[in-house]
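Notes follow once the structure below has been shown.
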Ligand code: ATP
Ligand code: ZN
């Protein structure tokens, strides 16, 4: 009997494709060479990737064409606002990349600075479902104009008074003379699946991928730190190490004034962490990335 293959919908090109293929590569998925524009096979796992536009991913997963998908929460929730078929989709796990936020913004002249000030005004957006739901929840009656892209130029063109658009750094808003005044949704890439019954026969490979993804995400900010410290300053050193549960302390051959400390730090290690370690007597501090993790 052949093992059933899991089909994963993933963006063909763009921010989600970049982060998604990087994640799959780090999780040990080897892509088979292929000329097919739509389907890529993994050569070492029962996994096929369907390469499509991110906006089509919720529909492909909801209809069962693909068992799973990697998509932004913004696209998932917008699809759920628009179609009841998408309501059966679940987030299996968040993936920690393609972070952005759907925000309301208006020209920097300050006429519109609050959600209530949108009453009777026009808001341009590529996310009419989420924008309408947000405004309704706030009891604000505004007109919504749907735009496929270049939403940030709408106020300048006289098409809208405000916009509701995806923002990551805020640079696009600034260039267009807009200032944000409210966050509608915080978003990042997520692994989604359809109904459980549909995914049953591929749950083995799905569980394996989820465990590996967790390992990749955890190892991203986890660092291995090595340092030497005077034995009487060990308590201070350990208090500074970010998110290190149980550092290992070892003797240094030929030295009784220092011990070696090895620790796995699960929180970000910044330059000021190293400077703080130095002030309590730590020396020869090494910070190393961790490639893989399994707990
Ligand atoms: P296509 O529809 O052809 O797949 P796209 O133009 O929607 O491509 P991207 O611009 O790559 O594709 O955006 C994909 C997703 O990346 C967005 O839906 C969102 O989840 C996330 N994202 C992160 N930062 C931003 C940002 N600054 N602007 C737009 N999207 C962002
Ligand atoms: Zn898109």
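All of the numbers you see were taken from the coordinates with simple rules; none came from a lab. The structure displayed is predicted, hence computed values, not measured ones. Positions of Cβ are generated from backbone atoms using ideal geometry, with glycine treated the same way; all protein chains shown enter the neighbour counts.
If R₀ is 35 angstrom, what is the calculated FRET efficiency for the pair residue 169 and residue 274, using the beta carbon separation as r and rounding to 0.05?
Working from the Cβ atoms, E equals 0.80.
Angle between the Cα long axis of helix 203-221 and the longest principal axis of the chain, 0 to 90 degrees, nearest 10?
The angle comes out near 70 degrees.
How high is the FRET efficiency between residue 116 and residue 252 when r is their beta carbon distance and R₀ equals 51 Å, given to the nearest 0.05?
After rounding to 0.05, the efficiency reads 0.20.
Compute the Rg to Rh ratio over region 44-159 from the alpha carbon atoms, using the Kirkwood formula for Rh, and round to two decimal places.
Details: Rg = 17.0 Å, Rh = 16.3 Å.
Rg/Rh: 1.05.
Taking the chain as the reference, fit the longest principal axis to its C-alpha atoms, fit the long axis of helix 128-137 to the helix C-alpha atoms, and give the angle between the two in degrees, 0 to 90, nearest 10.
Compared with the principal axis, the helix lies near 90 degrees.
Starting from the 7 Å offset along Cα-to-Cβ, what nm value, one decimal, do you get for the label separation of residue 2 and residue 39?
In this crude spin-label approximation the distance works out to 0.9 nm.
Taking a point 7 angstrom from the Cα of residue 220 along the C-beta vector, which residues in region 1-30 have backbone N less than 14 Å away?
Answer for this model: 15-27.
Taking other Cβ within 10 Å of each residue's Cβ, how do 183, 7 sort, fewest first?
Final ranking by Cβ density, sparse to dense: 183, 7.
Based on the Cα atoms of region 172-220, what semi-axes does the equivalent ellipsoid have, where each is the square root of 5 times one gyration tensor eigenvalue, given in whole Å with the largest first?
Its equivalent ellipsoid spans semi-axes of 37, 16, 8 Å.
Find the Rg to Rh ratio for region 222-289, where Rh is the Kirkwood radius over alpha-carbon pairs and Rg uses the same atoms. Don't skip to the answer; put the middle values down first.
Numbers: Rg = 10.9 Å, Rh = 11.7 Å.
That ratio is 0.93, to two decimals.
List the relative contact order of the chain as a percent without decimals, with contacts defined as Cα pairs under 8 Å and 6+ residues apart.
It rounds to 18 percent for the chain.
Mean shadow of the chain, computed from the convex hull of its alpha carbons, in nm²?
Hull-based average projected area comes out at 21.5 nm².
What value in Å³ per residue do you get for the convex hull of the alpha-carbon atoms in region 100-187? Provide the component values of the computation, followed by the final result.
On the way: hull volume 7.0 nm³, N = 88.
Per-residue hull volume (Cα only) is 80 Å³.
Expressed as a rounded percentage, what relative contact order does region 100-187 have, with Cα pairs under 8 Å and six or more residues apart?
Working: 179 pairs, mean separation 43.2, N = 88.
In percent, rounded to a whole number, it is 49.
Taking neighbour counts of Cβ atoms within 10 Å as a proxy for exposure, in what order, fewest first, do 255, 15 appear?
Ranked by crowding around the Cβ, least crowded first: 255, 15.
Measure nothing but the geometry: give the 0 to 90° angle between the long axis through the Cα atoms of 15-26 and the longest principal axis through the Cα atoms of the chain, rounded to 10°.
Here the helix axis deviates by roughly 30 degrees.
Mind checking which of 253, 61, 111 has the largest fluctuation in a GNM of the chain, springs on alpha carbons under 10 Å?
253
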